Structures are given as C-alpha cells and as structure tokens.
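Okay, so here's the structure we're looking at.
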Amino acid sequence: MLSSMSAFANSQFETYTIIYGGGVDDLGLGLKDQQGKEYHAYCSQQCGDWFEFDQDSLGEKLKNQFKGRQAVVDLSYEINAGRIVGPGDEDELYFIKSIKLIDSNQRKPWLNFFDLKQN
C-alpha cells in the first residue's frame with residue numbers, strides 16, 4: 001500500500017490550460033493550472049497530432065488551434081531514466097500520463113475523461 005500512495009503523491013490529475021508546446025527531440029507542453037502555476041511536461045506519446053514543423057527551430061511547434069485550450073491531464077513528476085534527450089537520467093521531470101481536451105460546451109468535462117455519460 002505504501003508504494004501505491006507514493007506514486008499517487010507524484011501524480012497531479014487536474015484541469016490545465018495549454019499555453020505552448022513543441023520540441024526538437026522530445027515533444028512537450030506548457031501547462032498552466034487553475035492557480036496560475038506553469039509546468040513544462042513531456043508528452044510521452046500522449047499528446048496526439050497537435051504539432052507542426054517549425055522552420056525557425058527545425059523542430060516542431062504546437063498548432064495554433066491548441067493554444068489556450070483546456071485539458072484534463074494526469075501529470076506525474078518522475079525520474080527521467082533516459083526517456084528525454086538532454087536532461088540527465090536522474091533528473092526529475094514532469095510527464096503527461098494521459099491528456100484529454102475539454103469541449104468548451106461540455107458541462108462536466110471530467111466525465112468525458114473517464115468515458116462516462118452525462119445526465
């Protein structure tokens with residue numbers, strides 16, 4: 001039970017606003033929580049087809065239609081362990097475990113994340 005509690009303590013499942021995104025070797029997003037705190041989190045194959053080639057950086061950047069969108073994100077702070085190029089293997093980074101865009105017309109967006117029906 002203790003190990004599952006420590007894993008939960010590192011997880012931050014909440015609503016964020018997407019403020020930027022992109023990368024050269026590894027794609028990531030800039031996320032802002034409800035209190036205004038900003039995070040840079042690596043996508044880890046979770047973000048979808050949200051990026052396009054950026055001539056200036058010769059990498060990828062977030063497509064404009066995703067900037068400012070809200071998303072329900074399961075965000076975790078973990079040891080890199082060789083997943084991201086650049087930071088050391090022992091560095092701790094934010095990783096997106098799952099992400100779901102919120103439909104602005106949806107009354108209870110968290111239900112969609114769990115594939116539940118709204119009343």
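Residues that are at pLDDT below 95 and farther than 13 Å from Ala41 by Cβ within region 12-27 comprise Val24, Asp25, listed in sequence order.
Residues are listed down the side, and each one gets a yes or a no for (1) of a type outside the set (A, V, I, L, M, F, W, C); (2) surrounded by 11 or more Cβ atoms within 10 Å (Cβ to Cβ); (3) closer than 12 Å to Ile99 by Cα; (4) at pLDDT below 95:
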position: Cys43; (1), (2), (3), (4): no, yes, yes, no
position: Lys61; (1), (2), (3), (4): yes, yes, no, no
position: Phe66; (1), (2), (3), (4): no, yes, no, no
position: Asn80; (1), (2), (3), (4): yes, yes, no, no
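If only residues of region 22-45 that are touching a residue at least 24 places away in the same chain (Cβ under 8 Å) and on the phi > 0 side of the Ramachandran plot are counted, the one that is nearest to the chain's Cα centre (by Cα) is Ser44.
The values are calculated or read from the model by the stated rules, or taken from the named source; none is laboratory data. Values in this document were obtained by computation on a predicted structure and should not be read as measured data. Because the Cβ atoms are built from the backbone with ideal geometry, glycine has one as well, and the counts that use them run over all protein chains shown.
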